[in-house]
Amino acid sequence: MTAATAGHSADQLPRPTRLSEVKGWFFTADQLLFDWFLRHQQDRGVAGDLLELGAYMGKSAIFLGARLRPEERFTVCDLFDSPAEDASNSREMAKSYATLTRRAFEANYLSFHEELPVVVQGLSSSVSEHVAADSVRFAHIDASHLYAHVHGDILAVRELLADAGVVVMDDYRAEHCPGVAAATWQAVTDHGLRPICVTGTKFYGTWGDPEPYRTGLLAWLAERGDVWHEVQEVNGAPLVRLSAKGAKEPAHPVSRHEAAPARAADAAKPGKPAAKPGKPAEAARPVVGRPAPRPPRGALRRVALDVLPPVVTRALVRARKRARAQGPAGR
Ligand SMILES: C[S@@+](CC[C@H](N)C(=O)[O-])C[C@H]1O[C@@H](n2cnc3c(N)ncnc32)[C@H](O)[C@@H]1O
């Protein structure tokens, strides 16, 4: 079965209207940290590309892609619907990612961005054939959660990271994947990885100097005030631990699919506010990175008319006719 035929036909492909609708595992604390690390690197002039091993439906990739600078490359590596090569990895894929297809990932990603990242469909162990050594400033390791694979991914990423590059390890402490914990802390004790901070789900470290990151992070946390944190001594160095329950999420990229039906429905109910007071619609959030271009207004109206229930469509058509009859001031 090819990637094009597996799992999703064209009309079943996802059309997420906001990032929260994309299936995946990417929580507020990590969204805040991804955003902070990438901005902090930009402020310090840390150059390099972005890399993700394990993209699934694109949740974290879409977020990362919105923070890509024009001169940078973003590479995503995933098996998608290709077979794994060993029995344990095949079982892991069948159990956790059975409905995944590359087309679904791409449809999700293109809902938020004009262009796809560089997609490597294959084992994460092949990533060094596609990404240059010392070229990456931020790498997210979230592919297989089995020890042998994660250990290999960490060693590969060590070679790909630029001097001040940061690596993020997913699920470094979860009960169902002890191999990730083993590989992560082994990288600290045996392979020179220096921890910066941890959340409940991810570990952040560098093979460069962790101090500017720690200092900058603690200053930012103190200034925000809404992210709980503490510093513990681990293996002779400070480690920031944080949790973001109740903290405000950073800006999400805006979907090309969003708001068309909602706006049309709003138009059909004159006087209805676009969003509840104090709860801005996601469309009103700041747009980061390079969002997908929006279709022209006429096209949005046509789509809305095609998808809305007939009673709303009729009300809309009547409202448009009235507006035309009143001339430009009524539009
Ligand atoms: C936990 S998911 C990634 C989640 C994603 N980063 C997110 O935030 O939603 C793990 C992904 O790794 C992929 N994967 C599993 N084993 C792999 C391997 N050996 N090489 C490459 N990708 C693999 C799976 O296809 C799956 O999409």
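Residue 29 is checked against (1) buried (at least 18 other Cβ atoms within 10 Å of the Cβ); (2) out of contact with any Gly (no Cβ under 9 Å at 6 or more places or on another chain); (3) in a helix (DSSP H, G or I); (4) aliphatic (A, V, I, L, M) and fails just one. What number does that condition carry?
Status for residue 29: all satisfied but (2).
Give me the residue from region 11-26 that is more than 22 Å from residue 246 (Cα to Cα) and part of a helix (DSSP H, G or I) and, out of that set, modelled with the lowest pLDDT.
Among them, the one singled out is 11.
Evaluate the following for residue 215: is it open to solvent by 30 Å² or more (accessible area, probe 1.4 Å), within 23 Å of residue 40 (Cα to Cα), in the same structural domain as residue 94 (by TED's automatic domain parsing) and within 14 Å of the ligand (Cβ to nearest atom)?
Answer is no for this residue.
Let's see how each residue does on (1) more than 12 Å from the ligand (Cβ to nearest atom); (2) open to solvent by 40 Å² or more (accessible area, probe 1.4 Å):
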| residue | (1), (2) |
| --- | --- |
| 107 | yes, no |
| 116 | yes, yes |
| 126 | no, no |
| 158 | yes, yes |
| 164 | yes, no |
| 174 | no, no |
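Is it the case, given these coordinates, that residue 130 is over 18 Å from residue 25 (Cα atoms) and under 17 Å from the mean Cα position of the chain (by Cα)?
no
Do the conditions hold for residue 51, that is, is it in contact with a strand residue (DSSP E or B) (Cβ under 6 Å, 6 or more places away or on another chain) and either open to solvent by less than 10 Å² (accessible area, probe 1.4 Å) or at pLDDT 95 or above (or both)?
Against the criterion (in contact with a strand residue (DSSP E or B) (Cβ under 6 Å, 6 or more places away or on another chain) and either open to solvent by less than 10 Å² (accessible area, probe 1.4 Å) or at pLDDT 95 or above (or both)), residue 51 qualifies.
Conditions tested, residue by residue: (1) part of a loop (DSSP other than H, G, I, E, B); (2) of a type in the set (A, V, I, L, M).
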| residue | (1), (2) |
| --- | --- |
| 93 | no, yes |
| 119 | no, yes |
| 131 | yes, yes |
| 145 | yes, no |
| 150 | no, yes |
| 153 | no, no |
| 175 | yes, no |
| 182 | no, yes |
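Considering only region 71-80, I want to know if a residue exists there that is away from the ligand (no atom under 13 Å from the Cβ) and open to solvent by 30 Å² or more (accessible area, probe 1.4 Å).
Yes, that holds for at least one residue.
Does any residue in region 88-108 that is within 18 Å of residue 123 (Cα to Cα) come within less than 8 Å, Cβ to Cβ, of a residue that is among the polar types (S, T, N, Q) six or more places away or on a different chain, and which pairs are these?
From region 88-108, the pairs are 89/144; 92/144; 102/121.
If the Cβ limit is 6 Å and pairs must be 6+ apart or interchain, which residue in region 18-36 that is near the ligand (Cβ under 7 Å from one of its atoms) pairs with which residue that is of a type in the set (Gly, Ala, Ser) and in a helix (DSSP H, G or I)?
Taking only residues 6 or more apart or on different chains, the pairs are 26/60.
Residue 170 versus (1) among the acidic types (Asp, Glu); (2) surrounded by fewer than 19 Cβ atoms within 10 Å (Cβ to Cβ); (3) closer than 28 Å to residue 213 by Cα; (4) under 22 Å from the mean Cα position of the chain (by Cα): which is the lone unmet condition?
(2)
Residue 60 - would you say it is within 21 Å of residue 162 (Cβ to Cβ), within 14 Å of the ligand (Cβ to nearest atom), buried (at least 21 other Cβ atoms within 10 Å of the Cβ) and at pLDDT 95 or above?
Against the criterion (within 21 Å of residue 162 (Cβ to Cβ), within 14 Å of the ligand (Cβ to nearest atom), buried (at least 21 other Cβ atoms within 10 Å of the Cβ) and at pLDDT 95 or above), residue 60 qualifies.
Being out of contact with any Pro (no Cβ under 9 Å at 6 or more places or on another chain) and over 26 Å from residue 40 (Cβ atoms) is true for just one of 78, 163, 153. Which residue is that?
78
The values are calculated or read from the model by the stated rules, or taken from the named source; none is laboratory data. Because the structure is a prediction, the values reported are computed rather than measured. Positions of Cβ are generated from backbone atoms using ideal geometry, with glycine treated the same way; all protein chains shown enter the neighbour counts. Accessible surface is based on the protein model in full, side chains and every heavy atom, while ligands, DNA and RNA are left aside. Shrake-Rupley method; radii C 1.70, N 1.55, O 1.52, S 1.80 Å.
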